[in-house]
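S.K.: Quick one: the structure is below, questions incoming.
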Amino acid sequence: MIKLLISKFVKNHEAVDNLQVRTAYGKLAGVLGIACNFILFILKLLAGIISGSVAVLSDAFNNLSDMGSSVVSLIGTTAASRHADEEHPFGHGRFEYIASLIVSFIIILVGFELLKTSFGKIFDYEKLNFSILSAAVLLFSMVVKLWLFVANRKIGNAVQSVVIRAAAQDSLNDVYATGAVLLSMILGLVVEAPIDGIMGIAISVLIMFSGYGIARDTITILLGTSPDPAMADEICRTILEQDCITGVHDLIIHDYGPGRCMASVHAEVPEDGDIVRVHEIIDETEKRIQKELGVHVVIHMDPISVSDARIESVRDLVLDCAQKINGEFSVHDFRMTDGEHCINLIFDLEVPFSVSPLEREQAAKCIQASLKEIDPRYNAVIQVENKSWQTK
């Protein structure tokens with residue numbers, strides 16, 4: 001059924017990288033969530049009033065809060081589709097992450113409220129009233145929520161939307177919560193114990209943990225993460241395919257929302273090359289990456305010596321000194337200035353993030369001392385930086 005809905009309401013639905021198509025997917029997911037939760041709220045409210053079941057009434061208002069999550073999801077995906085403006089030159093894609101964060105807070109709040117209610121049911125135990133009507137409504141609710149979970153997960157994965165994935169997890173949480181209420185009503189027929197309270201505590205912890213997971217992942221994206229390895233490899237592989245480029249480093253990818261990535265990278269080129277030709281090649285490479293990968297990339301040229309055997313041998317010497325300290329260390333942007341009594345060796349030393357500031361300082365001093373032992377004229381000028389990407 002979800003395939004039918006997608007084909008009917010999302011034009012050109014296969015072009016998931018298109019901003020308008022992504023927005024249409026987001027609107028479909030939001031409307032489905034609002035409609036399903038509103039219907040379930042009305043059904044459970046009526047069933048709860050008729051049967052006198054407090055558990056069913058509580059579950060009805062849980063669906064009302066879920067409808068609020070769907071509204072947030074709908075607003076978030078719609079706001080994220082707005083084009084760039086003077087105040088937001090990189091677009092509004094991160095609205096989607098903010099919406100996901102709000103949904104995660106709603107999930108945690110619902111879980112916390114369920115936890116309080118469940119403790120209350122344990123200390124103020126009342127036997128649940130079982131009725132065929134209530135059981136049927138709860139079972140129907142589980143089926144609808146399970147379908148909504150599958151639909152949101154399918155849509156969320158198709159357009160790589162964190163907020164729709166969060167809505168999917170919220171729907172699955174409701175399946176657990178409603179299932180717990182239904183099972184408690186059935187067990188209450190044969191067991192004289194606060195089963196609903198005990199199961200409510202377990203489900204509430206599960207719900208809060210899932211909300212925490214969504215919040216953690218979303219905050220990680222907002223704070224900035226390491227480049228996706230597959231994307232980083234593809235960007236650097238494309239750049240290294242060019243004849244005039246001998247190496248790449250300092251790749252940084254900025255995520256401004258799903259499908260909105262910008263990157264910068266340093267490319268090493270021969271210092272004696274034709275600067276105009278090199279510029280043309282780099283310009284064409286930037287356009288190719290934009291077209292094939294959807295990433296707006298800026299490539300900075302680093303001129304290096306590739307034909308001077310002496311410079312290359314000294315560079316290898318420096319790299320050997322660095323890797324004796326740590327095999328993961330690497331060297332780039334190597335330059336050498338000759339003098340009668342002093343030879344400056346200027347380079348960047350790339351180290352893993354795990355290396356502490358003190359260890360970095362000690363490593364730089366150790367390399368400087370090692371080079372001095374080889375030749376007292378060597379004066380190493382070292383810029384220590386984090387390792388961003390390494391050619392495999």
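Every read-out reported here was derived from the displayed coordinates using simple, explicitly stated rules and does not represent laboratory data. The model shown is predicted, which means the values in this text are computed figures rather than measured ones. Using ideal geometry, Cβ is built from the backbone for each residue, glycine included, and neighbour counts are taken over all protein chains shown.
S.K.: Mind scanning 27/154; 291/387; 121/145 and naming the pairs with a C-alpha gap bigger than 21 Å? Don't jump to the answer; show the numbers that get you there.
M.R.: On the way: 27/154 14 Å; 291/387 27 Å; 121/145 25 Å.
The answer is 291/387; 121/145.
S.K.: Here's a follow-up. Stokes-Einstein D for the chain at 25 °C, 0.890 mPa s, Kirkwood Rh over Cα pairs, in µm²/s?
M.R.: On the way: Rh = 25.2 Å.
So the translational diffusion coefficient is about 97 µm²/s.
S.K.: Determine, for each peptide in 238-250, 72-84, 326-338, the mean count of other beta carbons within 10 angstrom over its residues, then list the peptides with the highest first.
M.R.: Values: 238-250: 17.5, 72-84: 20.1, 326-338: 15.8.
For the peptides 238-250, 72-84, 326-338, the packing ranking is 72-84, 238-250, 326-338.
S.K.: Evaluate the relative contact order of the range 1-108 (contact order divided by residue number), counting alpha-carbon pairs under 8 angstrom at least 6 apart; express in whole percent.
M.R.: Details: 115 pairs, mean separation 23.6, N = 108.
Normalised by residue count, the contact order of the range 1-108 is 22 percent.
S.K.: Extension gain residue 262-residue 234, at 0.36 nm per residue separation less the Cα-Cα distance, in nm?
M.R.: Separation in residues times 0.36 nm, less the Cα-Cα distance, equals 8.7 nm.
S.K.: Which of the peptides 347-357, 313-323 is most tightly packed, and how do the rest follow, judged by the mean count of other Cβ atoms within 10 Å per residue? Mind dumping the intermediate values first?
M.R.: Working: 347-357: 15.3, 313-323: 16.9.
Final packing ranking: 313-323, 347-357.
S.K.: Which part of the range 266-281 falls in the paramagnetic zone of residue 385, meaning amide N under 18 Å from the point 7 Å along Cα-to-beta-carbon?
M.R.: Answer for the range 266-281: 266-271.
S.K.: Let me ask another. Over all distinct alpha-carbon pairs, what is the Kirkwood Rh of the range 229-313 in angstrom? List each step's numbers first, then the result.
M.R.: Details: mean 1/r = 0.0744 Å⁻¹.
For the range 229-313, inverting the mean 1/r across all distinct Cα pairs yields 13.4 Å.
S.K.: What Rg and what Dmax come out for the range 123-275 when only alpha-carbon atoms are used, in angstroms?
M.R.: Every Cα atom of the range 123-275 included, Rg and Dmax give 25.7, 87 Å.
S.K.: Under the definition of Cα pairs under 8 Å and six or more residues apart, what whole-number percent is the relative contact order of the chain?
M.R.: Numbers: 591 pairs, mean separation 47.7, N = 392.
Once normalised by length, the contact order is 12 percent.
S.K.: While we're looking at this one, here's another question. So what is the orientation-averaged projected area of the range 308-392, using the convex hull of its C-alpha atoms, in nm²?
M.R.: Quarter of the Cα hull surface area: 5.6 nm².
S.K.: Let me ask something else. Kindly express, to the nearest 10 degrees and within the range 0 to 90, the angle between helix 229-240's C-alpha long axis and the longest C-alpha principal axis of the chain.
M.R.: Rounded to the nearest ten degrees, it is 30.
S.K.: Taking 41 Å as R0, compute the FRET efficiency from the Cβ-Cβ separation of residue 212 and residue 291 and round it to 0.05. Intermediate values should be presented prior to the final figure.
M.R.: Details: r = 39 Å, r/R0 = 0.96.
The calculated FRET efficiency here is 0.55.
S.K.: Same structure again: Can you tell me the orientation of helix 162-187 relative to the chain, as the angle in degrees between its alpha-carbon axis and the longest Cα principal axis, to the nearest 10?
M.R.: Taking Cα atoms only, the helix is inclined about 30 degrees.
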